[in-house]
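The values are calculated or read from the model by the stated rules, or taken from the named source; none is laboratory data. Predicted model, so just to flag it, every value in this text is computed and none were measured. Cβ atoms come from the backbone with ideal geometry, glycine included; neighbour counts cover every protein chain shown.
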Amino acid sequence: MCGRYVVVASVEEIEKRFQVTAAQLPFDFQPNFNLGPGSLAPVITNDKPNELQFFTFGMTPFWAKKRMYLFNARAEGDGNMDNDPDYKGGKGIISKPSFRKPIRSQRCLVIADAFIEGSYAEGLDKPHLVYLYRRPFAFAGIWDVWKNPETEQEVHSFAIITTTANPLLQKIPHHRSPVILHERDERRWLRAEHLQEITTLLEPYPAEEMNAYPISPKVKSPKATGRELIEPVGERLQPELELRMKTELRLQGMGAGKRDHRH
């Protein structure tokens, strides 16, 4: 599962990296080192691929009678319930009631700088920060629009698609990993029309292009959002080459720079 992640890149950095323009923001966008369900987060949707938007993390399907927070969507659907990392079966997400429409026509890039994962036995009592050697990056996401039957207010929300654990996640150990898109596949994810092309992208990200280290269980509190949450409390799970050490996720300088969003 991926229920907490880190977003610290400035709006300007995201705009440059993904070649998008941010709409006027309804709030003061600040770095968040512990972004969880219910929070507004940056996304790029297939219907507005050149615009940076902010949707609620935790998807409510359009047909729901009340608010829901489906923050993850299993690529395998009801398949691979044992979470076998070597699973090669079908992508059952295409037939799940909550996801079968969004996976076909409502996909998005979920912008992140890192994510937080706990062990499958101890959860966030034993959390790790997982990062790529490039940032920011994009999770494969799906989105929907739900209208509150009482207030008529529309809620735009999203879920992150998960798949089998790669060798790095298995070291935590955790049984799932979010689908992280290669940079070359980001636009392909947004514009793909055929299910075979879409589901082909739902694979684990290469473990050699990422790393992780243990952090404090203080991250369990959804109210905690500060930089101190990602301070390492132990060694990295994989040794790093000197070249990668120069480009790894750095604690200092993350989220630097603010933007005046007044227009």
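Tell me whether the stretch 87-98 contains one or more residues that are in contact with a Leu (Cβ under 9 Å, 6 or more places away or on another chain) and within 15 Å of HIS156 (Cα to Cα).
The first filter runs over the stretch 87-98 and keeps only residues in contact with a Leu (Cβ under 9 Å, 6 or more places away or on another chain), leaving 91, 93-94, 98.
With within 15 Å of HIS156 (Cα to Cα) added as a condition, the list becomes 98.
So far as the stretch 87-98 goes, yes, one or more of its residues are in contact with a Leu (Cβ under 9 Å, 6 or more places away or on another chain) and within 15 Å of HIS156 (Cα to Cα).
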LYS88 passes all but one of the listed conditions (1) more than 27 Å from ILE215 (Cα to Cα); (2) modelled with pLDDT of 95 or more; the exception is number (2)
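Suppose the filter is crowded, with 18+ Cβ neighbours inside 10 Å, of a type outside the set (Asp, Glu) and under 26 Å from LYS220 (Cα atoms); does PRO167 pass it?
On the way: crowded, with 18+ Cβ neighbours inside 10 Å: no; of a type outside the set (Asp, Glu): yes; under 26 Å from LYS220 (Cα atoms): yes.
Here the answer is no, as PRO167 does not meet what is asked.
For the stretch 93-113, how many residues meet the condition of being hydrophobic (A, V, I, L, M, F, W, C), crowded, with 18+ Cβ neighbours inside 10 Å and in contact with a helix residue (DSSP H, G or I) (Cβ under 7 Å, 6 or more places away or on another chain)?
If we filter the stretch 93-113 for residues that are hydrophobic (A, V, I, L, M, F, W, C), which is where we start, we get 93-94, 99, 103, 108-112.
With crowded, with 18+ Cβ neighbours inside 10 Å added as a condition, the list becomes 93, 99, 103, 108-112.
Of the ones still in play, those that are also in contact with a helix residue (DSSP H, G or I) (Cβ under 7 Å, 6 or more places away or on another chain) are 93, 99, 103, 109, 111.
So the count comes out to 5.
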Report, by residue number, each residue of the stretch 19-35 that is crowded, with 17+ Cβ neighbours inside 10 Å and closer than 28 Å to ALA224 by Cβ. ALA22, LEU25, PHE29, PRO31, ASN32, PHE33, ASN34, LEU35
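Somewhere in the stretch 31-45, is a residue more than 19 Å from the chain's Cα centre (by Cα) and either assigned to a strand (DSSP E or B) or touching a residue at least 40 places away in the same chain (Cβ under 8 Å) (or both)? Don't jump to the end; show me each part of the working.
Let us first name the residues in the stretch 31-45 that are more than 19 Å from the chain's Cα centre (by Cα), namely none.
No, the stretch 31-45 contains no residue that is more than 19 Å from the chain's Cα centre (by Cα) and either assigned to a strand (DSSP E or B) or touching a residue at least 40 places away in the same chain (Cβ under 8 Å) (or both).
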